[in-house]
Structure formats: C-alpha cells, structure tokens
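Data first, discussion second: the structure below is written as structure tokens.
The values are calculated or read from the model by the stated rules, or taken from the named source; none is laboratory data. Keep in mind the model is a prediction, meaning the values are calculated, not measured. Quick reminder, even Gly has a Cβ in these numbers, built from the backbone with ideal geometry, and neighbours come from all protein chains shown.
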Amino acid sequence: MNINITFPDNSVKEFPQYTTPLHIAESISEGLARQIVTAKVNDKIVDLNYKIPSDAKVELLKFDDDIGREVYWHSTAHLMAQAVQELFPDVKVTIGPAIETGFYYDFDKEVPFTDEDLDKIEAKMKELSGNNLEYKRQEVSREKAIELFSEMGETYKVEILQEIPEGETISMYSQGNFIDLCRGPHIIHTGKIKAVKLLKTSGAYWRGDSKNKMLQRIYGVSFPSNKELKKFLNDLEEAKKRDHRRIGKDLDLYSISDDIGPGLVLWHPKGAMMRSIIEDFWKKRHFEEDYQLVNTPHIGKAELWKTSGHLGFYRESMYSPIEVDEQEYFLKPMNCPFHIAIYQSQKRSYRELPIKMAEMGTVYRYENSGALHGLMRVRGFTQDDAHIICTRDQLDDEIEKVLKFSIEMLEAFGFENLQIYLSTMPAKAVGERKDWDKGSEALRKALEKNNIVFEVDEGGGAFYGPKIDIKIKDSLNRLWQCSTIQFDFNMPERFGMEYIGADNQPHRPFMVHRALLGSMERFFGTLIEYHAGNFPLWICPVQVKIIPISEHYESYAREVKIKLNKAGLRSEVEFKNEKIGYKIREAETQKIPYMFIVGEKEQESGTVSVRKHTKGDLGSFPLAEIVEKLLDEIGTR
C-alpha cells in the first residue's frame, strides 16, 4: 500500500506505507539525507526514523532551520550528559534543554566543574560522536519509568515523573549505555555531531528556586562542521567586545549596585543625558503623530489588578502587596489599566476617536536573580507605552500609521536590518473569532500595503490578541526584540470600555497596545551592543572633545566650546596635563565622535584641526564650517 506525501511546495509523491522522513530524503538526494536533522509530519516534529502511517504533509528540516537547530543542540546536550556520566559516574543528571545559542545541562555534582573537566568532557563527546550511537526512542508506562530511574539513582528524574499523572505514557531516549527522560525528537545518531565546544560552567538552583540545591550547569554549542563552529566562536569574541555591560562601564553610562538592589538601574550623567535625548526625540515624534502624553502612578489597588486579570495570570511576576489604609496595593507591572482609567474618566463619543495615549511609564516585575542580565533583564524598567483606542472602521488606518511610526523610530537610531513577525490566534484565546480575524487582517494589510517582508507565526499571539513584533538583526546576526504592536480583546471587555456611536448607542472600542522602543533599559542595552558604543552623533552624550595642545591654548578651547554650546552641540574641553597623543587615545577610548585639536595656528586663524573617531585626521576647518557639517550630520540622523 502506498501513501501520498505532500511537500512544502505542494508537490505530491507516492511512497510505501510506513516510509520514514530519512527514506524520503534519500529518495531525493544523498546530499539532502546527510543534511536533514529532523522533520515535520502534519506539523508535528518527529525523528527521522518515524514511520508515517498515512497520507501526510512532510517538511524536511536542516540545521539551518530554527527547529532543526534546536533538535540538533538538544541531542548534543544528551551526548554531553552521557560523557559526564562516563567520566564522573557519581554525578546525577537533571535537565538539559536547547537554548538560543546552544544548549546546557544541569548536574548534581558536589564539586564544581573545572576548565580541565570541560576539556575532558569535550574530548569524550568527540569520542562518543565517532561511535555513531543511534538515538533510540522507547515508550513505557509512568510506573515503569519511575522504577527504572529509581534503580539508576536518578532522583531528579523520579521527581519529574512523580508530577506526571498516573497512566501517562512516558517517552525516553537512549544512545549507547545512556538513557534519558525526554519527549524528543532527536537526530538519527551521534555521528551527525561534528564540532563541539563547551563554553562555560555556572551554578544553577534546581528548578530555578533558591530554596533548592545548587547544581552545576555546563553550557555548550555544536555544529555540523568545524567551519561553522569557528565562525560562531569568532562572533562570540566580537559579542564580548560589544557586551553592553562592559561598554556601559567603560563609557560610564550606568551601573547596577547590589547595595541598591539587583536588576535596578542607576543612570550615570552621560547615560542619563543619552536617555534624555532619546526621550525628547520620542516626545517630539509622538506629538507629531497626534498622541497625548499621560503620566500615571507607580502603584494601584489590588482590585484594579484583579479586574485587569494580572493577579490571576501574572501574579508570580508581581511584587508582594503594600498595605495602605488597610487595603492592598501593588507595584504596577504594566501601564494599561491606568490608561483605561483615564479613558473612562469621562463619556466618549465616536467623534473623539481614535484616542492615542502615550507614557514613558516605569513598571516593576519580579525576575529570578539568575535571569537578570545587565540592562536586558531587569526588575524596574521604563516602557514607552501607548494605547490606541479606536473604532472597528479606524483599525486599518491606525495600524498602518503605527507600523510606519515604529519603523521610522528604529531607523532614526541607525537600526537597518529589521525582521518582522505576525503572530496569530493561539488555541486558548479570549475575544470573538471575528474580532481576531479583523485584527489579524488589519495587521497583515498594513504589512502588505507597505511592501514589508514578514513571517507568520501561526498561533503565536498572546491570549488577548494578535500582534506584530519588530526585531533588529545586528552585524553578528543576533535578533533583538524592540517594537510590539498588539491587539487586546481582553481589557476592553474586563473594564467595560465604551464609546457612544453615531447611532447613539454604546459600543466596545478596539484597543491596541504599542511599544516602539520596548523598554528604555533594554533598548539602551541593544543600542550599545548594536553600535558597539559608537553611537550616532545625534545621541552621543559628548559629541566633540576639544583638545588644546598645551595650557597656553585653553582660553581658545573655551571660546570654541562656547560657540559649540550656542550651536547646540555637546562638548568637553580636555584640561589634563598630558601629552597630546595620550589625550587623543583617551578620546578614542571614550568613543567620542569628533576631536577638535587647537594650538597656535588654529587660534590665530579661527580654525580647528578635526579628527573623527576610528577615521583619524580630517584636516583643518574654519569653526563655522565644521559646526555646519556636524549639524547637517545630526539633522540627517
């Protein structure tokens, strides 16, 4: 008996019943069979030796595919666990997932792993890889699995299994003499893992809870070729140079102090200056786009968060309540309920809509200490939040406006390579299907009308509405989340939002959440890493360093500074009693865009000798001329 296999290009080919994805790939080409690592069968991710029982849609996935890479790295995590247990038989294994940049595995080992241990584990992994050990799936009852892992002394696996309902079928994977509890799928055999690098170790609490035992985590990465691994390691070194935590400290932009509290940011003068410049630009552009600015409190009554649903759905990310006048208040995790309260402070007519409220609003969310990461994951952050409240008929126009606005804002900061995603209705969602369809269609129309290339993330929307996510890709091909345009069918219903229509009857408005920069903290961290600290001129805290050759020309340097001040340029005079070469190197280290060198010749002629960061000497310019050039550069952003 034959079955029909439909490929992504809608072509159809017959194969014998119970054929496998690997056999399908081999029938196409040997090269393809070598490259694929997993497959989708009717949208389910499966092993390459999965037997296909009936007609099916099949997609063969390589390492270059996101899902393929995840399966490959998860399989490598299993290989690492096998290597660890062969070298350290007393070690217990816990969990080992694939992550965005590779994989990790947590082990219960009393003494932390050393760098020498990592070298041994890596060598053992390469040895096991060369044995072409097959990843074999088996399914057993929950009770049988508990018995097996209990005999092995794998207490963490037993704990996981005991939380699974009785009667459930459990899947496990083995390669060689190693077996692990796992849903799968996995690659066909260990020989597919050609290049491995173990990157670092760290401590990690079991299940992320500081009340549990501290485990030892090993991070690693793997590739189908040494060439790909070499490129990754080169990019990793470049990423270290761009690390916003290092650059932020070197340029004296911000700090995070344990004395103040983990995840709470202190903005230093230069960082605060940049933040102010960004916020001023943000306000100016929002006024131009007809937004109204609002400001809201940092706390709200418990009842507010019950109505919004946060206490039901988001409680674990909220801080403990504060008692005021015998009532509970919570630090706000989001700004939405406050903007709705402003909207509902008076009756609204359809003639007033759309109403667009925007706020740089600071919110507070609990993050586990292990998840905190510089400016990227913090506990207190400022969102450039806005809510567009409109009628159904206004949706298309408003979505198109906010999409253009988002892209223009990001391009102003030098972000060029944007990746756009449209996320649609998930299985569990609030609101009526027709509203979801209307919202999704409005988002899609805006993207297509502006000829914007995008990917559809089917079912990837939040439970309360479809969304557009805009991410930026940097020179290292890393994606950074920035803008989100998100429908909300939940809160208008929960808060009973209304407007009076042309028929003099109440109607429920549509509400769109919108954050263009995301959070100021994450955006600032992204800005640092994207530009490696070499910021666009218009947002630099110091745009020009004026360097007198000697103390005799400090008076002229001050005159130059006054003229730059009047022109709206930010500058500093270097007064240190050091040699000119040292002063220039210092300005280069601080990544200041321009240096004006002044001495006797410049003082007599009313000129400055100009150097540009990373470019070197540009020659001598009359002061008025170079000021005009810099203002032109700022104006073009």
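A few notes on this one:
Per-residue answers, yes or no, for (1) closer than 30 Å to GLU574 by Cα; (2) of a type in the set (Lys, Arg); (3) in a loop (DSSP other than H, G, I, E, B); (4) free of Cβ contacts under 8 Å to residues at least 12 places away in the same chain:
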| site | (1), (2), (3), (4) |
| --- | --- |
| ALA502 | no, no, yes, no |
| HIS513 | no, no, no, no |
| LEU516 | no, no, no, no |
| PHE524 | yes, no, no, no |
| LEU527 | yes, no, no, no |
| ASN534 | yes, no, yes, no |
| PRO541 | yes, no, yes, no |
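- Single residue of the range 305-337 satisfying the filter (of a type in the set (A, V, I, L, M, F, W, C) and touching a strand residue (DSSP E or B) at 6+ places or on another chain (Cβ under 7 Å)) that is nearest to HIS507 (Cα to Cα): CYS336
- Count - residues of the range 54-78 that are out of contact with any strand residue (DSSP E or B) (no Cβ under 7 Å at 6 or more places or on another chain) and in contact (Cβ under 8 Å) with a residue 40 or more places away in the chain: 1
- Among residues of the range 416-433 being of a type in the set (A, V, I, L, M) and part of a loop (DSSP other than H, G, I, E, B), the one that is farthest from ARG285 (Cα to Cα) is ALA427.
- Tabulated pairs, the range 318-333, first more than 21 Å from MET360 (Cα to Cα), second at pLDDT 90 or above and among the aromatic types (Phe, Trp, Tyr), C-beta under 8 angstrom, 6+ apart or interchain: PRO321/TYR329; PRO321/PHE330; ILE322/TYR329; ILE322/PHE330; GLU323/TYR329
- Checklist (1) touching a Leu at 6+ places or on another chain (Cβ under 9 Å); (2) in a helix (DSSP H, G or I); (3) buried (at least 18 other Cβ atoms within 10 Å of the Cβ) applied to TRP436, failing item: (1)
- Single match in LYS428, LYS467 (criterion: in the same structural domain as ASP280 (by TED's automatic domain parsing) and surrounded by 15 or more Cβ atoms within 10 Å (Cβ to Cβ)): LYS467
- Of the residues making up the range 543-556, not a single one is in contact with a Leu (Cβ under 7 Å, 6 or more places away or on another chain) and in a helix (DSSP H, G or I).
- Qualifying residue in the range 611-622 (condition: in contact (Cβ under 8 Å) with a residue 24 or more places away in the chain and in a helix (DSSP H, G or I)): no
- Note on the range 1-102: enclosed strands (runs of 3 or more DSSP E) holding 2 or more residues that are under 31 Å from the mean Cα position of the chain (by Cα) and of a type in the set (A, V, I, L, M) are 36-41, 44-46, 56-62.
- Within the range 364-415, the set of residues being crowded, with 16+ Cβ neighbours inside 10 Å, assigned to a strand (DSSP E or B) and of a type outside the set (Gly, Ala, Ser) comprises TYR364, ARG377, PHE381, THR382, GLN383, ASP384, ASP385, HIS387, ILE388, ILE389, CYS390.
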